[in-house]
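Before any comments, here is the structure.
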Amino acid sequence: MILNHLTPIKGSNKKGKRLGRGKGSGKGKTSTRGNKGAKSRSGNTAKLGFEGGQMPFHKRIPKFGFKNIKKKKYKIFNLETIEDLINIGKLKRNLINNNVLRKIGLLKKKEFFKILGRGELTHKIKIFAHKFSKKASLKIKNLGGNTITDERKIY
């Protein structure tokens, strides 16, 4: 097989319409564009969603809801996961904050986190977090630990 001997399959290559080649071609004069209007002239591109002056669909349908761009998303940690991390040896009991969690790879930079009360805790711990659930803070305080939510001390 030699590359210069290859030819396309019969019928796969079609010649395009030759527009504007006189009356006899059947596609002369206006070149199938019609007589007047924006589409007959060169350089015409309608805006996305333009419906010829009719109210566009995206403006016709009802709008509702609100998305707060300033809303904080909290990454959630339960007491059982913290207990497991302490037992494995990834966390120390004396201090848990976002920097420690970031070093382990559980938090990204400038990410907020919240402690929830699912599971049991057996260690006395000191946690700096953005938020605590009532159940979690009660469980930590019952063991003699501290829950601190002052954001200035966290970062």
For this session: Please determine, by comparing only the residues of region 127-155 that are modelled with pLDDT of 90 or more and of a type in the set (K, R), which one is most open to solvent (accessible area, probe 1.4 Å).
Result: K134
Exercise. Could you say whether any residue in region 71-90 is over 30 Å from L19 (Cβ atoms), open to solvent by 50 Å² or more (accessible area, probe 1.4 Å) and in contact with a helix residue (DSSP H, G or I) (Cβ under 6 Å, 6 or more places away or on another chain)?
Worked result: yes
For this session: Could you tell me whether N94 is within 30 Å of T122 (Cβ to Cβ), loosely packed, with under 11 Cβ neighbours inside 10 Å and among the polar types (S, T, N, Q)?
Result: yes
Exercise. For the subset of region 49-73 comprising residues that are assigned to a helix (DSSP H, G or I) and not basic (K, R), which member is nearest to K39 (Cα to Cα)?
Worked result: F57
Exercise. If we scan region 73-90, do we find a residue that is under 24 Å from N142 (Cβ atoms), under 28 Å from the mean Cα position of the chain (by Cα), modelled with pLDDT of 90 or more and of a type in the set (S, T, N, Q)?
Worked result: yes
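If I filter region 74-89 for residues that are more than 19 Å from F132 (Cα to Cα) and outside any helix (DSSP H, G or I), do I get at least one hit? I'd like the intermediate steps shown before the answer.
So the first thing to find is which residues in region 74-89 are more than 19 Å from F132 (Cα to Cα), and the list is 87-89.
Of the ones still in play, those that are also outside any helix (DSSP H, G or I) are 89.
Taking every residue of region 74-89 in turn, at least one turns out to be more than 19 Å from F132 (Cα to Cα) and outside any helix (DSSP H, G or I).
Out of curiosity, is A38 surrounded by 10 or more Cβ atoms within 10 Å (Cβ to Cβ), out of contact with any helix residue (DSSP H, G or I) (no Cβ under 9 Å at 6 or more places or on another chain) and at pLDDT below 90? Please lay out each step first, then the result.
Working: surrounded by 10 or more Cβ atoms within 10 Å (Cβ to Cβ): yes; out of contact with any helix residue (DSSP H, G or I) (no Cβ under 9 Å at 6 or more places or on another chain): yes; at pLDDT below 90: yes.
Judged against the criteria, A38 is a match.
Got a number for residues in region 102-121 being of a type in the set (A, V, I, L, M, F, W, C) and farther than 15 Å from K139 by Cα? If you could, list the steps in order and put the result at the bottom.
Kept after step one, since they are of a type in the set (A, V, I, L, M, F, W, C), are these residues of region 102-121: 104, 106-107, 112-113, 115-116, 121.
Keeping just the survivors that are farther than 15 Å from K139 by Cα gives 104, 106-107, 112-113.
Qualifying residue count, region 102-121: 5.
The values are calculated or read from the model by the stated rules, or taken from the named source; none is laboratory data. Predicted, not measured: the structure shown is a model, and the values here were computed from it. Using ideal geometry, Cβ is built from the backbone for each residue, glycine included, and neighbour counts are taken over all protein chains shown. We work out accessible area using only protein heavy atoms, side chains counted, and drop any ligands, DNA or RNA first. Shrake-Rupley method; radii C 1.70, N 1.55, O 1.52, S 1.80 Å.
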